[in-house]
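Note sheet for the following structure.
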Amino acid sequence: MIALAGSVTLGLVPAVSSPAAAHPIKNTTLTGNRLYDVGPLPTTSCPERPVKKNNAASAKSYLAGVLRCADRSWTAQLRKAGLKRSGMKLVYADKVPAKFCGLKWRKDDFNAYYCDETHTLLIVLTKDLLEAPGDLFLFNLVATYYGEHVQNGAGIYRAWMNLDSRNKAEFSEQNRRYNLQAYCFGGAFIRSVWKSLHRSSEDWDDLLYYLRGWASKAGGSRKSITYWADAGFRSGDPGSCNTWTAPSSKVT
């Protein structure tokens with residue numbers, strides 16, 4: 001599970017003892033999605049709003065601003081690819097809910113969750129999440145979960161859900177391919193607005209360090225999370241996020 005923000009997806013993956021050999025994906029919605037062929041996300045401006053430590057109101061304003069930027073950028077990208085889209089809703093809670101999106105939550109499960117069925121991202125504004133708002137963690141929180149929303153709009157979510165798997169190892173690898181793509185999409189969006197953030201390369205390196213704490217059997221290893229988030233950031237192009245054709249060694 002992700003240390004602060006929860007698994008990018010359900011994380012309902014059986015444990016396996018070791019990665020298996022390559023399991024080719026044959027669904028062209030996954031391997032040859034039109035989103036991969038329309039080039040980098042447009043360079044736009046998304047200045048960060050002020051956010052105060054331990055202040056939920058300013059955090060909400062900050063997160064809502066990031067959402068608007070992501071919606072603008074990805075709407076243009078999906079339109080170029082001839083894909084339908086719908087806006088992502090953002091809701092908040094001040095404590096972990098008993099249930100969301102049909103799932104029961106335990107206190108330490110996750111602090112954010114995207115519901116594919118309702119296109120809604122819930123962020124629980126816990127003390128831990130608000131303790132150090134000056135880094136890129138909050139920005140990336142929306143960026144990565146919006147990446148999952150993009151997967152939904154591009155048909156990737158449904159195609160992934162409909163995949164067959166021959167064994168636990170193959171099932172686990174398919175989940176990692178899906179989750180790691182969301183990290184990569186998040187990185188691509190951050191690249192598209194990077195100049196307007198007035199951040200340094202150290203800020204990005206720090207974020208990659210934090211993301212390694214999100215490692216899980218469902219979400220991917222530290223190495224793979226870092227690789228795919230950085231691949232998206234370096235290129236700014238969703239075409240570099242085709243985890244579905246990558247070798248198994250890149251999706252551990």
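Can you pull out the residues in segment 199-245 that are of a type in the set (A, V, I, L, M) and at pLDDT 95 or above? Result: 207, 208, 225, 229, 231.
Within segment 212-229, the set of residues being in contact with a Phe, Trp or Tyr (Cβ under 8 Å, 6 or more places away or on another chain) and either under 26 Å from residue 76 (Cβ atoms) or without any contact (Cβ under 8 Å) to a residue 40 or more places away in the chain (or both) comprises 228, 229.
Give me a count of the residues in segment 129-150 that are out of contact with any helix residue (DSSP H, G or I) (no Cβ under 9 Å at 6 or more places or on another chain) and not small (Gly, Ala, Ser).
To start, the set of residues in segment 129-150 that are out of contact with any helix residue (DSSP H, G or I) (no Cβ under 9 Å at 6 or more places or on another chain) comprises 131-132, 134.
The next check asks that each one be not small (Gly, Ala, Ser); those that pass are 131.
Selection size over segment 129-150: 1.
Hey, can you tell me all the residues within segment 109-134 that are among the polar types (S, T, N, Q), under 17 Å from the mean Cα position of the chain (by Cα) and within 23 Å of residue 209 (Cβ to Cβ)? If the condition is that a residue be among the polar types (S, T, N, Q), under 17 Å from the mean Cα position of the chain (by Cα) and within 23 Å of residue 209 (Cβ to Cβ), then 111 is the only one that fits. Would you check which residues across segment 54-94 are part of a loop (DSSP other than H, G, I, E, B) and surrounded by 16 or more Cβ atoms within 10 Å (Cβ to Cβ) and list them? Selection gives 81, 83, 85, 88. The numbered conditions (1) buried (at least 17 other Cβ atoms within 10 Å of the Cβ); (2) within 17 Å of the chain's Cα centre (by Cα) are all true for residue 137 except (1). Of the residues making up segment 13-55, those that are at pLDDT below 95, small (Gly, Ala, Ser) and either over 22 Å from residue 156 (Cα atoms) or touching an Asp or Glu at 6+ places or on another chain (Cβ under 7 Å) (or both) are 15, 17, 18, 20, 21.
Looking only at residues that are within 19 Å of residue 189 (Cα to Cα), small (Gly, Ala, Ser) and buried (at least 17 other Cβ atoms within 10 Å of the Cβ) in segment 223-252, which one is nearest to the chain's Cα centre (by Cα)?
So the residue we want is 229.
The values are calculated or read from the model by the stated rules, or taken from the named source; none is laboratory data. Computed from a predicted structure; not experimentally measured. Cβ atoms come from the backbone with ideal geometry, glycine included; neighbour counts cover every protein chain shown.
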